[in-house]
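Scroll down for the structure; my scribbles are underneath it.
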Amino acid sequence: MRFSIIRIDDVNGSNLHEIVKFFTRLDIKASLFLTHTDSPHFWKKKDWLLVKNIIKHGWEVGGHSRSHKPLVLLKNKEMLEEIIGNIKDIEEKLYEVGVTYKVTSFAYPCGEYNTVIKEILRSHNILFGLTCPDALGYKSLERLEDLNEVDPLSLGVTNTGNPINLNLWNYKFMTSNIYILALHPDPFIALKPRTLLNAAKNFNIKYVIDSIKFLKILEEHIRFMLHHGAKFITFKELWNLLHDSWKM
Ligand SMILES: [Zn+2]
């Protein structure tokens, strides 16, 4: 069996609905990392209600900071606000719509972290700190047992979705037992009327065409994965799997 995690950063109320629609249609779940959680402009009650609903269906939500500033450049007080404030926003807003939820993963904005940031996460019982290949030293996972050797607070990704190439994506999936695909929301909102209008105004038609191509390849990739026995899990479930394997 191949475990697969879909990680999507930079999620807020303006792109959440399109992302959920896309993956629900394919009947799979993802781990979403939320920003601007303190802003009523980006997060309305209907958005939190949707988060509540997807959590019920096994999705995960985690932190990605309040305003997406590079955390390593911040003073401690601001760093705490960005990280712990973000996590508290998510838990409190979900509580307000009737669900008790504990955030256990945090994706570093731009993948950047340091020992102080990791210590903040550790002291707030965050299990996973997520980075990406172009940030500081990281490791992805090949096998479940690897997490014994890898620092869960600097966990990387297997595929960033760049370049857009179906064969390359399928190859990366086939050669890892734990496959972490990291995506960003842009392609999912390309067909929203306002985005289309802006693209037409700015003659940025290429952006729309690229997004359509990206989504088509992504769907083909997911169908390939399902065909080859992918089991879609979240970071929360990854942690539980590891604990089960330790018990054995
Ligand atoms: Zn981000």
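The values are calculated or read from the model by the stated rules, or taken from the named source; none is laboratory data. This is a predicted model, so every value here is computed, not measured. All Cβ positions, even for glycine, are placed from backbone atoms using ideal geometry, and neighbour counts span all protein chains on display.
Of all residues in segment 53-67, exactly one satisfies the criterion of being surrounded by fewer than 22 Cβ atoms within 10 Å (Cβ to Cβ) and either under 13 Å from Ile87 (Cα atoms) or modelled with pLDDT under 95 (or both), namely Ser67.
Being outside any helix (DSSP H, G or I) and of a type outside the set (Asp, Glu) is true of Phe203. For residues that are more than 16 Å from the ligand (Cβ to nearest atom) and not in a helix (DSSP H, G or I), scanning just segment 104-126, find the one that is nearest to Ile8 (Cα to Cα). Selected residue: Thr104. For segment 161-194, the tally of residues that are β-branched (Val, Ile, Thr) and crowded, with 18+ Cβ neighbours inside 10 Å stands at 2.
Checked against (1) modelled with pLDDT of 90 or more; (2) not in a loop (DSSP other than H, G, I, E, B), Ile164 passes all but condition (2). Restricting to segment 1-31, and then to whatever is within 12 Å of Ile233 (Cα to Cα) and within 14 Å of the ligand (Cβ to nearest atom), can you tell me which residue is surrounded by the fewest Cβ atoms within 10 Å (Cβ to Cβ)? Result: Arg7. Considering (1) over 16 Å from the mean Cα position of the chain (by Cα); (2) on the phi > 0 side of the Ramachandran plot; (3) not aliphatic (A, V, I, L, M), the lone condition that Gly58 does not fulfil carries the number (1). Tell me, which residue of segment 32-46 that is crowded, with 19+ Cβ neighbours inside 10 Å and over 19 Å from Glu237 (Cα atoms) is nearest to the chain's Cα centre (by Cα)? My answer is Thr35. Scanning segment 35-86 for residues that are among the small types (Gly, Ala, Ser) and touching a residue at least 60 places away in the same chain (Cβ under 8 Å) turns up Gly58, Gly62, Gly63. Among the residues of segment 232-248, those that are among the charged types (D, E, K, R) and surrounded by 13 or more Cβ atoms within 10 Å (Cβ to Cβ) comprise Lys236, Glu237.
Filtering segment 91-119 to residues that are among the β-branched types (Val, Ile, Thr) and over 19 Å from the mean Cα position of the chain (by Cα) leaves Val97, Val99, Thr100, Thr115, Val116.
In segment 45-96, the residue that is farthest from Phe22 (Cα to Cα) out of those that are within 16 Å of the ligand (Cβ to nearest atom), charged (D, E, K, R) and not in a helix (DSSP H, G or I) is Lys69. For segment 155-189, the set of residues classified as in contact (Cβ under 8 Å) with a residue 24 or more places away in the chain and away from the ligand (no atom under 16 Å from the Cβ) consists of Ile164, Asn165, Leu166, Trp169, Asn170, Phe173, Met174, Ser176, Asn177, Ile178, Tyr179, listed by residue number.
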